[in-house]
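Structure first, commentary second.
The values are calculated or read from the model by the stated rules, or taken from the named source; none is laboratory data. In this text, all values refer to a predicted model and were calculated from it rather than measured experimentally. Note: ideal-geometry Cβ built from the backbone for every residue, glycine included; neighbour counts use all protein chains shown. These accessible areas exclude ligands, DNA and RNA; they are computed on the full protein's heavy atoms, side chains included. Shrake-Rupley method; radii C 1.70, N 1.55, O 1.52, S 1.80 Å.
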Amino acid sequence: MELFIVTTIAGLCTGILYGLVGLSFMAVYNASKIINFSQGALGMMGAFVGYLFVFNEKIPLPLGILLVAAIPIVCALGINSFLAEPLVKRNFPPITVMLITLGGTLILEGATGLATRFSWFKTSFVFGRTPLKWGLVRISPQYAAILIATIVLCVGYWVFVNRTKMGLGIRAAGTDAYMAALVGIKLRRTRMLAWCISAGITGIAGFLIAPLMLSSALMGMPVVVNGFIAAIIGGFGKPMAALVGGIALGLLTQFFTGYISAGFGEILVFIALIFVLAFRPQGIMGVLE
Amino acid sequence: MNKRVSNDADSRMRTLVLIGVLLLLALIFPMVSNPRVMNFAILGLVGAILTLGLNICFGYCGQINFGSGGFFAIGGYCIALLEESLHTPFVFNLLAAAIFGGVITLLMSMFLVRLRGHSLALGTFAFSLAIYTSVAKGFKSFTGGEDGIRLAPLVLWHETTASDTFYYYLIVAVLAACCWLSWTLRRSRVGRAMLEIAQNEVAAASFGVDINKYLRLALVLNGVIGAVAGGIFVKWAGWISPEYFNIMSNFTPVLSLVVGGVGNIAGAVVGGIFIHILPTLMIGLAEFSTLIYGVILCVFLLFLPRGIIGELQQRYYNRGIIRNVNKVAGE
């Protein structure tokens, strides 16, 4: 019974983590139907900035979180305006725009890698290590922080994208750029805003996730792939669906690791993707278009 | 209109002469080079084969595939494991690797073709990561995990082991076969259907092109070519470990294709050779390689979206006839 509860909690925690990563894709995807590959590198920047300022320089936490969100936003604006926008302007197909975000990723990772000599940078738990107890349930404060951040960001993003004029503008730009421009939405500015939102979420996610894994300049990509698959499993394009898919994936991998064997994480994720594609291609919460 | 036809015949003649000269150069190359250069050549040519495989998927069908490292690993481990457990001859192993690579890719592609564009790219990337973790962690007892497997040198006849020159000619032969395959594919019904998918999927479907079938075919060809390249490379290196299939190995073929020219056979070969020998050329600058790759990718996409060869052809060779459907540039 204890194993069951522990595994469930671990699965939920991992799942929320995937969901948070999946959520970070959403804004750029909603605004331009482009999957931003540099998300992983931006998350890594968040982790790295956290390592530099919060752990080494010991600056106060609120200021640290602000920095952790701000520096990836600056990087994202750089990638957007110098790499992605020129291609969008010249009417290149979306897949090429995705490729150039991969180029931005490699530049960011390469530069950070040079700064850290591609070795691990050790980040510690910001919120202490004493687990929060509640009956049999024990949860590390780090995961509790991730949970709170995910819920706040998820609900916040949902409200923003469904209830505010700006957020609706983002969705309109993604659904039909031409029509959106016609009704007076500034496409360039909207995309920029979407990149900022994505990068801010990613930076915070990277900062919170970093202590749970070995962080290095190249940590981003595998996490991003898992988060993305979580989003496909949940049903792409909706913030809540990413969370649901993430939790499903997290439970699956943790139960397999806990009860059967460790070391198969990525394979399980891939098999889950195959199963969802085979039997429910629109995802758990998705609707067929 | 007439001018265009004669121009086309001209350029065909020139192409034939160029191919002949290049083949001749490739054949006499080992006689004038030293072992160090030979190493570079083998690395570069294996990269060129991988890139040609990807060209079918990305260049013709317009679907990015980030699974190259996974295909490479399948071929390599297939050869290594067969040799270790059954001691079968290399030719048999290579054939088995090709078939196994094809079967695995077919199984995977049956579901992955439901994804398109970015999603397919990330799906194949997940495939490659799954292969990577399964050989590095999951099936450690078979594959030796990070330690890898050592392969015996290839014995040709009477206990003569194969030299680098032998591998060089083998790889050149495979590369030539892949070039021929890509060339005939381009000219065939299948290749035209693939190009149409890249251009406009809806239009292709309305002409009766079974899109999923051709995407599967492209992925399977990519998988087979990747597995063969991996098998030969691993046998030449005499050692296999997950290190060969790290995350970067999935991106380098895509990068090569962008550098050479997407959808362009000569571009794939040139780009593949250039990008794959680049890290070995930069001795002492290995740490810069990720950054340099990123800069190369961005610079080419922004300023030379047709790639080196595509741009040269456009300027000096075809004189204005657009022959290469270049999906990256959106032409």
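Could you state the principal axis extents of the C-alpha atoms in segment A:41-142, from the largest down, to the nearest angstrom?
Largest to smallest, the principal-axis extents are 58, 32, 26 Å.
Across all directions of projection, what mean area in square nanometres is found for the Cα convex hull of segment B:23-177? Before the final figure, lay out each step's value.
Numbers: hull surface 43.4 nm².
Projected over every direction and averaged, the Cα hull of segment B:23-177 covers 10.8 nm².
Convex hull over the alpha-carbon atoms of segment A:169-280: what's its volume per residue in Å³? If you can, show how the numbers build up before the last one.
On the way: hull volume 14.4 nm³, N = 112.
Dividing the Cα hull volume of segment A:169-280 by its residues yields 129 Å³.
So, with +1 on the Cβ of K and R and -1 on the Cβ of D and E, and no other charges, what is the size of the charge dipole of chain B about its Cα centre, to the nearest 20 debye?
That gives chain B a dipole magnitude of about 1100 debye.
So, taking all protein chains as they sit and a 1.4 Å probe, how much accessible area belongs to A:TYR29, in Å² rounded to tens?
Counting only protein heavy atoms, the figure is 50 Å².
Could you report the accessible area of A:LEU67 in Å², rounded to 10, computed with a 1.4 Å probe on the protein chains as they sit in the structure?
Around 50 Å² of this residue is reachable by solvent.
With everything on Cα atoms, drop me the angle between helix A:239-259 and the longest principal axis of chain A, reported from 0 to 90° to the nearest 10.
The two axes meet at around 30 degrees.
Can you give the calculated 222 nm mean residue ellipticity of the protein assembly as shown, where each DSSP H run of n ≥ 4 adds -39,500 (n - 2.57) and the sum is split over every residue, rounded to the nearest 500 deg cm²/dmol?
Dividing the helical sum by the residues of the protein assembly as shown leaves -23500 deg cm²/dmol.
Normalised by the residues of segment B:36-293, what does the relative contact order come to in percent, with Cα pairs under 8 Å and at least six apart?
42 percent
Filter the cross-link list A:LYS122/B:LYS140; A:LYS33/A:LYS89; A:LYS58/A:LYS133; A:LYS89/A:LYS186; A:LYS89/A:LYS165; A:LYS89/A:LYS238 down to pairs whose alpha-carbon distance in this structure exceeds 19 Å.
With Cα atoms farther than 19 Å apart: A:LYS122/B:LYS140; A:LYS58/A:LYS133; A:LYS89/A:LYS165; A:LYS89/A:LYS238.
For segment A:65-217, which whole percent of the accessible surface, found with a 1.4 angstrom probe, sits on carbon and sulfur atoms?
The C+S portion of the solvent-accessible surface of segment A:65-217 is 70 percent.
Just to confirm the number: angle between the C-alpha axis of helix B:211-237 and the first principal axis of chain B, 0 to 90 degrees, nearest 10?
The two axes meet at around 40 degrees.
Rounded to the nearest angstrom and ordered from largest down, what semi-axes does the equivalent ellipsoid of segment A:2-279 get from its C-alpha gyration tensor (root of 5λ)?
Over the Cα atoms of segment A:2-279, the semi-axes work out to 30, 22, 18 Å.
What is the percent carbon and sulfur in the accessible area of segment B:36-293, measuring with a 1.4 Å probe over the protein chains and ignoring ligands?
With neighbouring chains kept in place, the figure for segment B:36-293 is 68 percent.
Around A:GLY283, which amide H atoms from residues at least 5 apart in sequence, or from another chain, sit under 5 Å from its own amide H, with H modelled in the peptide plane?
For A:GLY283, whose amide H was placed from the backbone, there are no distant partners under 5 Å.
Can you give me the Rg/Rh ratio for segment B:36-293, using Cα atoms for both radii and the Kirkwood formula for Rh?
0.97
Which residues' amide hydrogens lie under 5 Å from the amide hydrogen of B:TRP239, considering only partners 5 or more residues apart or on another chain, with H built in the peptide plane?
Residues meeting the amide H criterion: B:LEU151.
Given segment B:89-163, report the % of alpha carbon pairs whose separation exceeds 18 Å.
62 percent
Put B:ASP164, B:ASP10, B:ASP147 in order of accessible area, largest first, 1.4 Å probe: what do you get?
Per-residue accessible area, sorted high to low, gives B:ASP147, B:ASP10, B:ASP164.
Using a 1.4 Å probe, how large is the accessible area of B:THR290, given in Å² and rounded to the nearest 10?
20 Å²
Are there any residues in segment B:293-308 with a reduction of at least 40 Å² in accessible surface when going from the isolated chain to the assembly of protein chains? Probe 1.4 Å, please list them by number.
Listed by number, the residues meeting the 40 Å² cut-off are B:LEU297, B:CYS298, B:LEU301, B:LEU302.
What's the percent breakdown of Cα-Cα distances in segment B:150-193 across 10 Å bins, shortest bin first?
Answer for segment B:150-193: a P(r) of 24, 30, 22, 17, 7 percent.
Would you mind working out the accessible area per residue for the protein assembly as shown, using a 1.4 Å probe, and quoting it in Å²?
That works out to 44 Å² for each residue.
Enter the angle in degrees (range 0 to 90, nearest 10) between the Cα long axis of helix B:35-54 and the first principal axis of the Cα atoms of chain B, meaning the one along which they spread out most.
60 degrees
Among A:ALA278, B:PRO35, A:LEU132, whose Cα projects farthest towards the positive end of the dipole of the protein assembly as shown, with charges put on the beta-carbon of Lys, Arg (+1) and Asp, Glu (-1)?
A:ALA278
Taking the Cα centre of each part, how many Å lie between segment A:1-76 and segment B:52-109?
Segment A:1-76 and segment B:52-109 have Cα centres spaced 35 Å from each other.
Taking all protein chains together and a probe of 1.4 Å, list B:THR165, B:THR252 from the most accessible to the least accessible.
B:THR165, B:THR252
Full extension from A:LEU63 to A:LYS122: what is 0.36 nm times the residue separation minus their Cα-Cα distance, to one decimal in nm? Before the final figure, lay out the partial values.
Numbers: separation 59, 0.36 × 59 = 21.24 nm, distance 2.05 nm.
Between A:LEU63 and A:LYS122, full extension yields an extra 19.2 nm.
What Kirkwood hydrodynamic radius do you get for the protein assembly as shown when you take the inverse of the mean 1/r over all pairs of distinct Cα atoms, in Å?
One decimal place: 25.3 Å for the Kirkwood radius.
Assuming a ≥ b ≥ c are the square roots of the Cα gyration tensor eigenvalues, decide whether segment B:1-114 counts as rounded (a/c under 1.5), prolate (otherwise, with a/b larger than b/c) or oblate.
Since a/c reaches 1.5 but b/c is at least a/b, the shape of segment B:1-114 is classed as oblate.
Give the relative contact order (percent, whole number) for segment B:1-157; include only Cα pairs under 8 Å separated by 6+ residues.
Once divided by the residue count of segment B:1-157, the mean separation gives 22 percent.
Going by Cα centres, segment A:116-187 and segment B:132-189 are how many Å apart?
When both Cα centres are located, 45 Å separates them.
Taking the alpha-carbon set of segment B:250-310, what are its Rg and Dmax in Å?
Values for segment B:250-310 (Cα only, Rg and Dmax): 11.1, 34 Å.
I'd like the distance between the alpha-carbon centres of segment A:83-98 and segment B:27-47, rounded to an integer number of Å.
With segment A:83-98 and segment B:27-47 each reduced to a Cα centre, they are spaced 38 Å.
Restricting to Cα pairs below 8 Å that are 6+ residues apart, what does the relative contact order work out to for segment B:137-247? Please round to a whole percent. All intermediate terms of the calculation are to be shown ahead of the outcome.
Numbers: 57 pairs, mean separation 49.7, N = 111.
Taking the mean separation of contacting Cα pairs over the length of segment B:137-247, I get 45 percent.
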